[in-house]
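Scroll down for the structure; my scribbles are underneath it.
Coordinate-derived values only; no laboratory data. Remember, predicted model here, so these are calculated numbers, not experimental data. Cβ atoms come from the backbone with ideal geometry, glycine included; neighbour counts cover every protein chain shown.
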Amino acid sequence: MSERKQNKKNNGHSSFPKEAEVKLIIGQKGQFPDEGVLFEHFQWDETKPIKLGEWKEISFEPPFLPPSGLWKQAESLSLTSELESSAISFLKDFTKVLNSKDAKKILAQTFFRAKDTSEVRYYPYVEADELKSIQGMTKVIGSTWKLDPIKTKYKLLCNQQILEITNQKGEPVISSKKSGSIPIYLSRINGKWVIVR
């Protein structure tokens with residue numbers, strides 16, 4: 001904490017008291033601070049015996065530590081022709097699901113990604129909101145998604161748990177006629193491919 005700047009016009013005196021307040025709050029995206037979860041509150045004023053310039057350490061336990069606990073399920077991968085072929089086969093099915101415009105089927109394919117994103121950003125996963133977002137996307141894009149499986153590039157990321165698939169230029173292999181595209185990051189959980197972020 002440091003002293004409040006004084007106003008020279010008032011002979012160095014301020015109408016504001018020498019005080020400070022610190023709140024550690026974790027909130028949802030779009031929330032005002034008073035709507036979040038308060039973890040720690042510290043208030044100081046000039047009547048308390050704390051010298052200006054001192055540090056106060058605040059310890060707290062968050063609901064979870066990033067990356068989210070969901071990642072404990074993801075398998076370690078090795079690049080093989082079988083793995084690459086399996087991933088492309090999954091993406092062919094995923095493209096069909098995207099073109100079905102069925103929000104529930106799309107959400108089933110992207111559930112891990114949505115749940116993981118909500119945890120690391122500290123806002124609750126709400127299925128109705130996810131479905132609404134998907135419905136908005138399908139309304140704009142329609143059934144124009146196309147997979148380009150030719151000349152794909154594979155790269156393992158994050159402790160070999162994520163497989164990134166792009167074209168030779170590093171661009172997404174799934175795109176739409178309406179200028180939309182989906183970056184592809186996959187992981188395997190219980191022997192099955194899942195979309196991750």
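A Förster radius of 45 Å combined with the Cβ-Cβ distance from Lys178 to Glu35 puts the calculated FRET efficiency at roughly 0.80. When you filter the chymotrypsin sites (Phe, Trp or Tyr not before Pro) in region 119-197 for DSSP loop state and at most 16 other Cβ atoms inside 10 Å of their Cβ, you are left with Tyr122, Tyr125. Applying a DSSP loop filter and a limit of 15 other Cβ atoms within 10 Å to the trypsin sites (Lys or Arg not before Pro) in region 108-140 leaves Arg121. Across all Cα atoms of region 77-131, the radius of gyration (one decimal) and Dmax (whole number) stand at 14.0, 39 Å. Between Asn159 and Phe111, the FRET efficiency from the beta-carbon distance, with R0 = 30 Å, is close to 0.85.
Could you state, as a whole-number percent, how many of the C-alpha pairs of region 128-197 are farther apart than 15 Å? In whole percent, the long-distance tail amounts to 62. Annotation: extensible slack from Ser86 through Asn167 equals 27.5 nm (criterion: 0.36 nm per residue apart, minus Cα-Cα distance).
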